[in-house]
Amino acid sequence: MFPGWIIDALFWIALLFLVGVYVSWRATRLDRLHVRVETARAALDAALVRRAAVALELAASRLLDPATSLVLATAAHEARTADADGREFAESDLSRALRAVVDQPEFAATLEDRGDGKAVLDELAAAAAKVVYARNFYNDAVAAARTARSKLLIRVLPLAGKAPLPDFFEIDDDPPKW
């Protein structure tokens, strides 16, 4: 039939092809994980901006006393304008400010009695819940990408390219007790 060297050559060609397919699959998976991280980060940023906007809306609504409005508005403004290095601290400060404002005794009942206070509180509760979900989703995506990048094949063959290793986003995002 075929000479032995042709069978050996076909074996090695098939083996190289299968290794190439596997490496390509791993690279594609890693790329999808990085896209997932970027998408989750965009969703997290949108949720954080929405929460800050609702907090500013509450501060400007004249439903709160001036001192409380000022504290809340300052924390929300700093969260919206923070640079990348200070973002986690600013967002944590906003979470603490929201809890300090909303967790006051009889706060929710008093605010609900005033005009559109219930609508603002419901919107704030939804925005705070979305931040929790978005941060969990983002951190899960980062964990998956970091796990994939720790594999030997990814490290030996630089399949991640020049993509930076994603970092977790750790903030105090506990919502107020409604």
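Of all residues being part of a helix (DSSP H, G or I) and of a type outside the set (D, E, K, R) in segment 81-97, which is surrounded by the most Cβ atoms within 10 Å (Cβ to Cβ)? Just the residue, please.
Once the filter is applied, the top-ranked residue is Leu94.
Which residue out of Ala60, Ala52 is under 20 Å from Ala127 (Cβ atoms) and modelled with pLDDT of 95 or more?
Ala52
Please indicate, with yes or no, whether at least one residue in segment 112-130 is of a type in the set (Asp, Glu), modelled with pLDDT under 85 and either exposed (fewer than 14 other Cβ atoms within 10 Å of the Cβ) or closer than 30 Å to Asp31 by Cβ (or both).
Scanning segment 112-130, I find at least one residue that is of a type in the set (Asp, Glu), modelled with pLDDT under 85 and either exposed (fewer than 14 other Cβ atoms within 10 Å of the Cβ) or closer than 30 Å to Asp31 by Cβ (or both), so the answer is yes.
So, Ala141, is that one among the hydrophobic types (A, V, I, L, M, F, W, C) and under 13 Å from the mean Cα position of the chain (by Cα) or not?
Answer is yes for this residue.
Inspect segment 8-25 for any residue being surrounded by 12 or more Cβ atoms within 10 Å (Cβ to Cβ), more than 16 Å from Glu170 (Cα to Cα), in contact (Cβ under 8 Å) with a residue 24 or more places away in the chain and out of contact with any Asp or Glu (no Cβ under 8 Å at 6 or more places or on another chain) and give the result as yes or no.
Looking for residues that are surrounded by 12 or more Cβ atoms within 10 Å (Cβ to Cβ), more than 16 Å from Glu170 (Cα to Cα), in contact (Cβ under 8 Å) with a residue 24 or more places away in the chain and out of contact with any Asp or Glu (no Cβ under 8 Å at 6 or more places or on another chain), one finds at least one in segment 8-25, hence yes.
The values are calculated or read from the model by the stated rules, or taken from the named source; none is laboratory data. Bear in mind that the values here come from a model prediction, so they are computed numbers and not experimental data. As a convention, Cβ positions derive from the backbone with ideal geometry for all residues, glycine included, and neighbour counts pool all protein chains shown.
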